[in-house]
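Comments concern the structure below.
The values are calculated or read from the model by the stated rules, or taken from the named source; none is laboratory data. Just so you know, these numbers come straight off a predicted model, no measurement behind them. For neighbour counting, all protein chains shown are included, and Cβ atoms are generated from backbone atoms with ideal geometry for every residue, glycine included.
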Amino acid sequence: MTFQLGERVMAKVVQTSAGQAFLKAYAKVYSSKFNPAIIGEKDPRILALAAPTAAVEKQVASAVQNTVAAETDLATAEATKLAKTLANDRKCLKYIDPNSYRPPKCAAGVEIGTKKTVEGFTGEILDRPLKQELKDLCDSVPEKLREAWLPENCAEIKLINKAMYEGIDLKKLKIVTVDTNKGIIVSPCKSCLYIMQKLGIPLP
């Protein structure tokens, strides 16, 4: 009986854009497809969605926002863990002679949602040239935001270049930078922050 009632409510829910958005959010949060037999027709979230109103739209928007926030937090945690691992693992430092040079910074990035990872190190020799868009941004950094070094040398820029080649959505890329000597999270330099902002990359 509960399942049948749930089915009837469900039929109304899927007819609304709010309902469809809620079901997508539900699937992300609970890592499963919505099942009215499990939730039951008395669940206030589902009953409310049976009637598309402004309040429902707000409720669904909140559910989706919470889901995105949760995925962002997860990506940040994963990037932090990876960055600290890279900072302590000499075998991960891909240089001509990793035994004679320890990069001062390493950066790890995680794409929100897909959890794809990418990494970069200060001074890393890249296999592929800078993407033109990225090169142009590096050249256009305002004088007041320039550091004593070129932005192309930064771990974050190395990472972003790899991400662009790999088709990662930059607007969903969470980047964490770690000082390899101290093992602590540090902020990207002013030049990198400028470039990240221009590319729509979430700032730390």
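From the list Ile185, Ile195, Ile157, pick out the single residue that is under 18 Å from Ala83 (Cα atoms), in contact with a helix residue (DSSP H, G or I) (Cβ under 6 Å, 6 or more places away or on another chain) and in the same structural domain as Glu78 (by TED's automatic domain parsing).
On the way: Ile185 fails: in contact with a helix residue (DSSP H, G or I) (Cβ under 6 Å, 6 or more places away or on another chain); Ile195 fails: under 18 Å from Ala83 (Cα atoms).
Answer to the selection: Ile157.
Identify all residues within the range 145-160 that are touching a residue at least 40 places away in the same chain (Cβ under 8 Å) and in a helix (DSSP H, G or I); write none if there are none.
Leu145, Pro151, Ala155, Glu156, Lys158, Leu159, Ile160
Among the numbered criteria (1) part of a helix (DSSP H, G or I); (2) surrounded by 19 or more Cβ atoms within 10 Å (Cβ to Cβ); (3) of a type outside the set (Ser, Thr, Tyr), which one does Val178 miss?
Result: Val178 fails condition (1) only.
Looking only at the range 110-155, count every residue that is among the β-branched types (Val, Ile, Thr) and loosely packed, with under 13 Cβ neighbours inside 10 Å and tell me the total. Step through it out loud before you land on a result.
To start, the set of residues in the range 110-155 that are among the β-branched types (Val, Ile, Thr) comprises 110, 112, 114, 117-118, 122, 125, 141.
The next check asks that each one be loosely packed, with under 13 Cβ neighbours inside 10 Å; those that pass are 114, 125.
Adding up the residues that qualify gives 2.
Looking at the range 114-132, I want the residues that are touching a residue at least 12 places away in the same chain (Cβ under 8 Å) and have a partner that is among the β-branched types (Val, Ile, Thr) and part of a loop (DSSP other than H, G, I, E, B) with Cβ atoms under 7 Å, at least 6 apart or on another chain. Which pairs are those?
What qualifies is Lys116/Ile168; Val118/Ile168; Ile125/Ile96.
Output yes when any residue across the range 102-125 is in the same structural domain as Ala77 (by TED's automatic domain parsing) and assigned to a helix (DSSP H, G or I), and no when none is.
We begin by selecting, within the range 102-125, every residue in the same structural domain as Ala77 (by TED's automatic domain parsing); these are 102-125.
Those left that are additionally assigned to a helix (DSSP H, G or I): none.
So far as the range 102-125 goes, no, none of its residues is in the same structural domain as Ala77 (by TED's automatic domain parsing) and assigned to a helix (DSSP H, G or I).
Can you give me the number of residues within the range 178-204 that are within 13 Å of Gly120 (Cβ to Cβ) and at pLDDT below 90?
Result for the range 178-204: 2.
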